[in-house]
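Just below is one structure, and these are the notes that go with it.
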Amino acid sequence: MFNTLFTAQLRASAERLTQIINGFAQAKVLVVGDLTLDEFLTGQVERISREAPVMILRHETTQQLPGSGANAVYNLAKLGAQVKVVGLIGQDEQGQVLRRLFEESGIDTTGIIIDPDRPTVTKTRISGHARQSVTQQIVRIDRKSDKLPKIELQLQLAEYMLSQLATVDAVVCSDYGDGVFTPPVIAAALSHPGSIVDTQSELQRYAGAMLFTPNLPEAEKAVGYDIATPQALVQAGKDLLNLTQAEKILITCGDEGMSLFEGTGEKFQSWSIPAFNRTDVFDVTGAGDTVVAALTLGLVAGASFWEAAVLGNLAASIVVRQFGTATTTAAEMKVALQALLES
């Protein structure tokens, strides 16, 4: 499955990786993010409507889960960390559902502020299936506002974050472009030495963060050129380190695995980690959040950059086997690690 060198490294690190996973429960993490509620409505296709050429679904299930930045929060909690969440929700039913989901998982929601002028970001995915067939997504409906939160709310978020920085081991920024990450909030997040940034655009806004985790298209957008060869990938790693002034860069490359970069000049280093699951992939929704969560907890637990990235890769290989926005646990990761070593 993997090259001989990587397999040897993985086997040699197995006991150490298990010890790191065991340390997840001691981690204290603050997550600031664009909080989203993901809704999944599924049904069976009965017939074509006489009103329009569209399918009629007989509703079967509705599932509501934390999505986008909220999924990063949820992943960290499910992996066993002690989590504080910071963000905005609307004065609506969706916001209440999101807060309840967090509290049921033991997440501290003191840092969630209600924005009466904007709805809770909600992404409703409608999926259907014929009899004895696979369920597939048909359409997605997004409810959100393009307005920025008022300056008073921005400052409230920043002030709360600053009051909590001394109590946490890391700060994760999960930026999906929905308005939470204004200059006061970003400045507060970067005040912590262990700031980890997962953003879809404008990485330079977070210059000085400890670690960035762009996917390949996000990395290409940031550096301004295609990353189509191993040489271009290494150059992109160097350019991103320079652009962001970060200590570390991790670029996720889908079924090609992930690449790690740190240091400058003679101290520059890079590694590649192959994907642990290329074929048994059902749904990649939220997999990047899972990578960030496990990676963060690995670093907090004392892992090297390589070890933490291996654990992020391992966690993602589990959730992509599941439909919708999924999470995993430390126990499932240990089982998956053993299965990987035996394959």
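Results, tabulated for the structure shown:
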{"item": "Failed condition for residue 227, given (1) open to solvent by 20 Å² or more (accessible area, probe 1.4 Å); (2) assigned to a loop (DSSP other than H, G, I, E, B)", "result": "(1)"}
{"item": "Checklist (1) in contact (Cβ under 8 Å) with a residue 24 or more places away in the chain; (2) open to solvent by 20 Å² or more (accessible area, probe 1.4 Å); (3) within 20 Å of residue 312 (Cβ to Cβ) applied to residue 199, failing item", "result": "(2)"}
{"item": "In region 138-167, residue most open to solvent (accessible area, probe 1.4 Å) [restricted to those that are of a type in the set (S, T, N, Q) and under 17 Å from residue 35 (Cβ atoms)]", "result": "156"}
{"item": "From 89, 113, residue being at pLDDT 95 or above, in contact with a Gly (Cβ under 6 Å, 6 or more places away or on another chain) and farther than 26 Å from residue 315 by Cα", "result": "89"}
{"item": "Failed condition for residue 64, given (1) under 22 Å from residue 310 (Cα atoms); (2) within 20 Å of the chain's Cα centre (by Cα); (3) among the polar types (S, T, N, Q)", "result": "(1)"}
{"item": "Subset tally (residues that are touching a helix residue (DSSP H, G or I) at 6+ places or on another chain (Cβ under 6 Å) and assigned to a loop (DSSP other than H, G, I, E, B)) for region 1-29", "result": "1"}
{"item": "Helices (runs of 4 or more DSSP H) wholly inside region 272-343 containing at least 3 residues that are closer than 19 Å to residue 7 by Cβ and modelled with pLDDT of 75 or more", "result": "305-319, 330-342"}
{"item": "Where residue 268 falls short, out of the listed (1) open to solvent by 30 Å² or more (accessible area, probe 1.4 Å); (2) in contact with a strand residue (DSSP E or B) (Cβ under 6 Å, 6 or more places away or on another chain)", "result": "(2)"}
{"item": "Odd one out for residue 240 among (1) assigned to a helix (DSSP H, G or I); (2) touching a Cys at 6+ places or on another chain (Cβ under 8 Å); (3) aliphatic (A, V, I, L, M)", "result": "(2)"}
{"item": "Answer from 73, 32 - the residue that is aliphatic (A, V, I, L, M), in contact (Cβ under 8 Å) with a residue 40 or more places away in the chain and part of a strand (DSSP E or B)", "result": "32"}
{"item": "Whichever residue in region 35-65 is in a loop (DSSP other than H, G, I, E, B) and over 13 Å from residue 126 (Cβ atoms) and, among such residues, is least open to solvent (accessible area, probe 1.4 Å)", "result": "49"}
{"item": "Condition broken by residue 222, with the remaining ones in (1) farther than 25 Å from residue 65 by Cβ; (2) out of contact with any Leu (no Cβ under 6 Å at 6 or more places or on another chain) satisfied", "result": "(2)"}
{"item": "Residues located in region 143-168, provided they are of a type outside the set (Phe, Trp, Tyr) and within 14 Å of residue 85 (Cα to Cα)", "result": "156, 157, 158, 159, 161, 162, 163, 164, 165, 167, 168"}
{"item": "Residue match in region 76-90 (condition: without any contact (Cβ under 8 Å) to a residue 60 or more places away in the chain, more than 30 Å from residue 333 (Cα to Cα) and either open to solvent by less than 60 Å² (accessible area, probe 1.4 Å) or among the hydrophobic types (A, V, I, L, M, F, W, C) (or both))", "result": "yes"}
{"item": "Unmet criterion (only one of (1) open to solvent by 40 Å² or more (accessible area, probe 1.4 Å); (2) modelled with pLDDT of 95 or more; (3) in contact with a strand residue (DSSP E or B) (Cβ under 8 Å, 6 or more places away or on another chain)) for residue 261", "result": "(1)"}
{"item": "So residue 9, is it modelled with pLDDT under 95 and open to solvent by 70 Å² or more (accessible area, probe 1.4 Å)", "result": "yes"}
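The values are calculated or read from the model by the stated rules, or taken from the named source; none is laboratory data. Being a predicted model, the structure only gives us computed values, none of them experimental. Every residue, glycine as well, gets a Cβ built from its backbone with ideal geometry; the counts of neighbours run over all protein chains shown. Note: areas computed on protein heavy atoms with side chains; ligands, DNA, RNA excluded. Shrake-Rupley method; radii C 1.70, N 1.55, O 1.52, S 1.80 Å.
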